[in-house]
Amino acid sequence: MGARAVPLPTSHPVTPTRPSHRLALAGVIVVAAAIAATLAHRAVTLAPLNVDEEMTRFVAGHSFASIFDIVSNKRGGGPFHFWLVHVTLQHVHGLLGLRGLSIFFFLAALPATALIARELAGPWAAFGAVLLLATSPLGMSYASFGRPHTMLLAWLLWSTVLALRATRLGGRLRFAIAGAALGSAIFVHPTAPLYALSAGLAAVIASRLPWRQLIRDG
């Protein structure tokens, strides 16, 4: 008979989440998203255009290939945001076409925030983290600013969710996916590797498992 597989021990123990807690967390996320969308939409329509947003609109007005050339060889930056703005400005005119993506990615960051907080500190921490992020002045500022900050936030947070899952369950494939997600954030903003490295290291430290156990196939 073949040897029985030994299950990988739980790295950072996750407190079992009751169905009522999951439902409550989903409700909190919806409420937080509604508050954030309302506040950010007001700022989108009222705040004057920033000089950095003028640059975003100028670069996004070029073709996909030209955008990549500009951000790679001339002014720096990540192409993903400019490509998306290039598309949105063709369908949604005015400030909403320029800033709408920032609202979308800020809202997309809220569920990831909840998942990370719940995994590391439990459901009550998740409730608080989502509400604090959704109503934070800095968050509102970035959510109504036509730059890649909230896209980077959402990208890194969801990549961190994948990294925490990889360190909890183990497996080379999970680590490869999490690493690819974290690494690809550089195409959103050139400073992303600093945050991605921090997120990856934090996930490994939170696991409290030997490295060989982490990378073994799950």
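The values are calculated or read from the model by the stated rules, or taken from the named source; none is laboratory data. Since we're looking at a predicted model, the values are computed, not measured. All Cβ positions, even for glycine, are placed from backbone atoms using ideal geometry, and neighbour counts span all protein chains on display.
Hey, among the residues in region 26-65 that are in a loop (DSSP other than H, G, I, E, B) and among the polar types (S, T, N, Q), which one's surrounded by the fewest Cβ atoms within 10 Å (Cβ to Cβ)?
The qualifying residue surrounded by the fewest Cβ atoms within 10 Å (Cβ to Cβ) is Ser63.
Of Phe68, Phe104, which residue is free of Cβ contacts under 8 Å to residues at least 60 places away in the same chain, within 22 Å of Ile35 (Cβ to Cβ) and either of a type outside the set (D, E, K, R) or not in a helix (DSSP H, G or I) (or both)?
Details: Phe68 fails: within 22 Å of Ile35 (Cβ to Cβ).
Matching residue, one of Phe68, Phe104: Phe104.
Just for region 102-136: of the residues that are in contact with a helix residue (DSSP H, G or I) (Cβ under 8 Å, 6 or more places away or on another chain) and among the polar types (S, T, N, Q), which one is modelled with the highest pLDDT?
The qualifying residue modelled with the highest pLDDT is Thr113.
Name the single residue that is surrounded by the most Cβ atoms within 10 Å (Cβ to Cβ) among those in region 160-178 being of a type outside the set (A, V, I, L, M, F, W, C) and modelled with pLDDT under 95.
Taking region 160-178 and keeping what is of a type outside the set (A, V, I, L, M, F, W, C), we get 160, 165, 167-168, 170-172, 174.
Now narrow it down to the ones that are modelled with pLDDT under 95: 165, 167-168, 170-172, 174.
On the way: Arg165: 18, Thr167: 25, Arg168: 21, Gly170: 21, Gly171: 16, Arg172: 13, Arg174: 20.
Out of the qualifying residues, it is Thr167.
Of the residues that make up region 126-138, is at least one out of contact with any strand residue (DSSP E or B) (no Cβ under 6 Å at 6 or more places or on another chain), in a helix (DSSP H, G or I), among the β-branched types (Val, Ile, Thr) and farther than 24 Å from His86 by Cα? First the steps, then the outcome.
Pass one, region 126-138, residues out of contact with any strand residue (DSSP E or B) (no Cβ under 6 Å at 6 or more places or on another chain): 126-138.
Among the residues that remain, those that are also in a helix (DSSP H, G or I) are: 126-135, 137-138.
After this cut, where a residue has to be among the β-branched types (Val, Ile, Thr) as well, the list is 130, 135.
With the extra rule that they be farther than 24 Å from His86 by Cα, the set shrinks to 130, 135.
Looking through region 126-138, at least one residue is out of contact with any strand residue (DSSP E or B) (no Cβ under 6 Å at 6 or more places or on another chain), in a helix (DSSP H, G or I), among the β-branched types (Val, Ile, Thr) and farther than 24 Å from His86 by Cα.
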